[in-house]
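What follows is a single structure, written as structure tokens, with notes after it.
The values are calculated or read from the model by the stated rules, or taken from the named source; none is laboratory data. Treat the numbers as computed from the prediction; the structure is a model and nothing was measured. As a convention, Cβ positions derive from the backbone with ideal geometry for all residues, glycine included, and neighbour counts pool all protein chains shown.
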């Protein structure tokens, strides 16, 4: 009976992590749609990033003080430095690098490069001994296969079109069709765009590694998110003030700028970062990274519904591969966990062996 209850707890915990990370990708999809609309209206993206972390800080800091007040005693210089790195790598730097890459390449091109996050995180996690390759086991091979399958699906979804598919016709288009001057896509521009987008990819992966290190000293996920938001707030505002000198871009009203800042700050940073912090603590950085390609598939679906974007057969094939790769990796991780549990059960600890020997020895 006890073993059955333990299995139920493990299954529930595993499903909880999956559901939470799917919610995170849905929230990030909303951010991509909003960024698309904001950029179409000529609003400064560096200002939006700064307001994003302003709203995030005002949202998450009260929650951290309410539910995790005892975490204040554990804050030291090491924790603050790790929070600074997390805010830089996963917040201000990553966001500005990704948005800056869009000035050289298309959104789909940059997003496809960002789908290298699972592979980059896996390599870093193995290098820092946070994840074991276990190529000799079925679970280890499944993780490699699933990661490559998901990345392949993201690439196919981005670059392969094929026949157009009319799934639905909602007659909804939130974008205003304005004439935008297209810059020539020279080889130099493509190289720069790819390099900057890849730097954003590495920044995201490094942030997950830093958070995994930070968990060992500071295990409160609301407080970690609050510290990360505060650091990102100061970093993004300093950068925005240096780049954007047009004060009209900073004015807030009851408009799209306020909506974008509030949504991305409260949901995509405050809520999503808290969920990611919890999943990194309980599941590890690799578990979080493997859900990244799912965002691209959800963005394609949302774009076809809300932005009247075209869906092609390549999009469908890519989404199927992304979901399949995600399932394979999750199955591989569960297989590894069961194999480790079986090995621990097969080889008793030294203490139990000693007790058995003492009990079986004859008395003199």
Sort out for me the helices (runs of 4 or more DSSP H) sitting completely within the stretch 24-135 that have 2 or more residues that are more than 24 Å from residue 261 (Cα to Cα) and touching a residue at least 24 places away in the same chain (Cβ under 8 Å).
-> 77-87, 107-114, 117-127
Could you tell me whether any residue of the stretch 128-137 is at pLDDT below 80, surrounded by fewer than 13 Cβ atoms within 10 Å (Cβ to Cβ) and more than 29 Å from residue 224 (Cβ to Cβ)?
-> yes
Exactly one of 163, 213 is in contact with a strand residue (DSSP E or B) (Cβ under 7 Å, 6 or more places away or on another chain) and at pLDDT below 90, and that one is 163
Using the structure shown, decide if residue 115 is in contact with a helix residue (DSSP H, G or I) (Cβ under 6 Å, 6 or more places away or on another chain) and at positive phi.
-> no
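Return the residues of the stretch 174-205 that are assigned to a loop (DSSP other than H, G, I, E, B) and either at pLDDT below 65 or crowded, with 16+ Cβ neighbours inside 10 Å (or both); say none if nothing qualifies. Let's see the steps before the verdict.
First, pick out the residues of the stretch 174-205 that are assigned to a loop (DSSP other than H, G, I, E, B): 174-186.
If the condition is that a residue be assigned to a loop (DSSP other than H, G, I, E, B) and either at pLDDT below 65 or crowded, with 16+ Cβ neighbours inside 10 Å (or both), then 174, 175, 176, 177, 178, 179, 180, 181, 182, 183, 184, 185 are the ones that fit.
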The number of residues in the stretch 211-233 that are free of Cβ contacts under 8 Å to residues at least 12 places away in the same chain and within 15 Å of residue 85 (Cα to Cα) is 0
All positions within the stretch 100-119 that are surrounded by fewer than 21 Cβ atoms within 10 Å (Cβ to Cβ) and at pLDDT 80 or above | 100
Being closer than 17 Å to residue 224 by Cβ, at pLDDT 90 or above and surrounded by 20 or more Cβ atoms within 10 Å (Cβ to Cβ), is that true of even one residue in the stretch 32-54?
-> yes
Taking the condition modelled with pLDDT of 85 or more and crowded, with 17+ Cβ neighbours inside 10 Å, does residue 321 pass?
-> no
State the number of residues belonging to the stretch 206-225 that are surrounded by 24 or more Cβ atoms within 10 Å (Cβ to Cβ) and within 12 Å of residue 91 (Cα to Cα).
-> 3
Residue 141, sole failed condition from (1) surrounded by fewer than 21 Cβ atoms within 10 Å (Cβ to Cβ); (2) farther than 24 Å from residue 97 by Cα; (3) modelled with pLDDT under 75 | (3)
